[in-house]
Amino acid sequence: MWSEALYTAAEMRAAEEAYEGPTLELMERAGTAATEATLRHYPDARRIAVWCGGGSNGGDGLVVARKLRQARRDVEVRLAVPEEKFQGDAGEMLKQARESGVPIGAGSEADLVIDAVYGTGFSGAPRRPAVRLLEELNALSAPVLALDVPSGVDASTGEAARPAVTAERTITFHGLKVGHVVAPGRFHAGEVEVADIGLPSSDTRHSRVSRDILELVPRRGPRDNKYTAGSVLVVGGSTGLTGAPSLTAEAALRAGAGYVAACVPASLNVVFEQRLVEVVTRPCPDEDGVMKIEAADVVLEAAERADAIALGPGIGRRDDVRALVGFLLDRLDKPVVLDADALWALIGNLDWVFARDAWTVLTPHAGELARLLGRESKWVSAHRLDAAQAGADDVGATVLLKGADTLVASPGRGVLVCDLGNPGLATAGTGDVLTGIVAAFLAKGMEPRLAAAAAAAAGGVAAGLAAERQGVSGLIARDVVESLSLALS
């Protein structure tokens with residue numbers, strides 16, 4: 001399988017409601033699994049504090065406390081709410097914890113803290129007493145192990161209230177939650193381990209992409225020629241920005257495209273001819289190194305032989321560029337990837353994409369998507385899942401939101417999450433590389449949602465291979481390009 005289910009709170013609730021046995025049984029299993037993980041990962045922790053809320057997550061924590069005491073650990077439970085608020089299964093587990101001799105107190109010094117305050121049902125912001133509690137928990141020097149999700153993280157979106165708990169490790173039950181892999185939640189979860197508690201698998205709206213998605217990418221066969229293997233046209237470049245379209249073109253070739261051409265400013269053509277040995281360049285009318293609207297004729301002629309077009313890398317930000325992008329989107333009847341300056345041209349003109357019949361993929365980072373949506377960048381960073389989906393719905397196309405967790409959203413469909421990269425990708429030019437990979441996969445006939453997700457995976461795997469040679473700290477975009485062919489092999 002090339003993807004893994006990501007559960008929302010509602011989907012987890014439905015899975016639990018479909019369970020035919022008593023819910024107390026599920027809580028006991030969850031607590032037992034978490035205890036085993038605690039003892040496995042923290043064998044030297046003798047004093048353990050378990051912080052419990054009044055809901056099901058707190059009930060899980062109380063099972064852990066009872067089991068740890070049975071394992072001869074020095075355990076103390078801290079209740080996040082008054083004891084009378086523990087009802088139902090959580091109330092029963094509190095009773096059993098007391099009967100087994102687990103002390104209930106204020107939480108003394110500990111070697112390990114187990115966070116069982118909030119679970120998957122949390123959303124929004126904690127109330128004031130809980131805010132103080134979570135601030136106190138975060139201030140502790142001991143490592144934190146969270147049950148299901150760190151308290152304050154929305155399991156369904158990855159949004160994190162202040163102050164969400166930052167855990168060293170999270171033990172979650174049945175399956176990964178969206179909040180474990182989508183930022184900012186992913187940065188609070190630490191290492192995540194899934195514990196089986198006996199629930200059957202079920203369908204989910206969102207999925208996490210594995211490297212197996214690369215098996216879906218068409219490879220060159222013995223009957224292919226340079227055109228049937230996928231033909232890509234790159235349109236971009238301007239004074240000072242010749243590297244961007246060069247990286248895009250080179251990445252498209254390394255991602256398996258058989259033929260790549262580049263429409264570039266005529267006054268800069270010699271630069272591209274010297275750098276891009278395997279790429280056919282098409283000089284376009286320009287002024288001071290920026291393409292003019294008259295370049296459209298050259299682009300449209302070159303596009304006749306292309307299967308997909310990458311539009312925007314380094315193309316510049318002038319009124320002529322905005323007019324050129326709008327003109328081309330209206331007339332190109334083939335898949336287009338929009339990146340960088342083409343996204344700038346799109347601000348206030350989302351109808352240019354919405355009106356297209358052919359496939360379109362947008363590849364923004366948080367700032368670019370914020371400008372397209374008329375929001376602030378920090379809002380996109382705090383609400384990545386909703387932002388990516390809103391972008392896809394607003395433009396009627398596939399949106400690939402770049403980041404440590406790359407999100408691929410299409411109108412009316414769940415989000416695909418790819419977290420296969422490493423910090424080395426946080427360097428100039430890797431976005432241009434990603435654009436070239438998407439264009440190559442579109443040129444091979446992949447539908448846009450899969451093409452974008454597979455491209456993110458290919459870039460992530462290539463970055464891993466490059467880091468083995470170069471290390472992470474000094475990784476550059478060209479290193480990723482050079483590892484692409486191996487990543488796809």
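The values are calculated or read from the model by the stated rules, or taken from the named source; none is laboratory data. The structure presented is a predicted model; accordingly, all values stated were derived computationally and were not measured. All Cβ positions, glycine included, derive from the backbone under ideal geometry; neighbour counts span all protein chains shown. Ligands, DNA and RNA are excluded from the accessible area calculation, which covers all protein heavy atoms including side chains. Shrake-Rupley method; radii C 1.70, N 1.55, O 1.52, S 1.80 Å.
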Label-point separation, Arg375 to Ala426 (7 Å along Cα→Cβ), nm: 2.1
Whole-percent pair-distance distribution, where bins are 10 Å wide, for the alpha carbons of segment 316-405: 18, 53, 25, 3
Cα-based shape type of segment 1-101, given that a ≥ b ≥ c are square roots of the gyration tensor eigenvalues and the cut on a/c is 1.5: oblate
Shape category assigned to segment 172-249 from the gyration tensor of Cα positions, a/c cut at 1.5: oblate
Gyration tensor verdict on segment 80-157 (Cα atoms; rounded if a/c is under 1.5, prolate if a/b is larger than b/c, oblate otherwise): oblate
Accessible area in the full protein assembly, largest first, 1.4 Å probe, for His365, His174: His365, His174
Expected 222 nm ellipticity per residue - DSSP helices of 4 or more, -39500 (n - 2.57), all of the chain, to 500: -12000 deg cm²/dmol
Accessible area expressed per residue, segment 384-469, with surrounding protein chains retained (probe 1.4 Å, Å²): 25
Candidate lysines - alpha carbon under 19 Å from Lys67, same-chain residues fewer than 8 apart omitted: Lys95
nm² value of the averaged projected area, convex hull over the Cα atoms of the chain: 24.4
Approximate spin-label separation Ala355-Glu215, in nm, with each point projected 7 Å along Cα-to-Cβ: 4.4
Theoretical FRET efficiency, 1/(1+(r/R0)^6), r = Cβ-Cβ of Lys226 and Ala125, R0 45 Å, to 0.05: 0.20
The chain, relative contact order [Cα under 8 Å, separation at least 6], %: 13
Which of Asp196, Asp432, Asp357 is most accessible, then next, and so on - probe 1.4 Å: Asp357, Asp196, Asp432
Tail fraction, Cα-Cα pairs, segment 378-489, threshold 22 Å, whole percent: 31
Trp379 accessible area, assembled protein chains, probe 1.4 Å, Å²: 60
Solvent-accessible surface (1.4 angstrom probe) belonging to Ser489, in square angstrom, nearest 10: 120
Simple Cβ-charge dipole of segment 311-420, Lys/Arg +1 and Asp/Glu -1, about Cα centre, in debye nearest 20: 120
Residues whose placed amide H lies under 5 Å from that of Cys284, excluding near-sequence neighbours: Val264, Ala266
With every protein chain in place, segment 202-348: carbon and sulfur % of accessible area (1.4 Å): 46
Cα centroid of segment 183-207 to Cα centroid of segment 413-443, whole Å: 23
Solvent-accessible area of Glu482 with every protein chain in place, 1.4 Å probe, in Å² to the nearest 10: 100
Cα-projected label distance for Glu301 with Arg275, points at 7 Å along beta-carbon direction, nm: 2.4
Additional length obtainable on full extension of the chain from Ala18 to Asp288, 0.36 nm per residue less Cα span: 90.6 nm
Under Karplus coefficients 6.51, -1.76 and 1.60, residue-wise ³J(HN,Hα) of segment 436-448 in Hz, glycine/proline x: x, 5, 4, 4, 5, 6, 5, 5, 7, x, 5, 5, x
Under 5 Å, built H, 5+ apart or other chain: amide partners of Phe122: Ala155
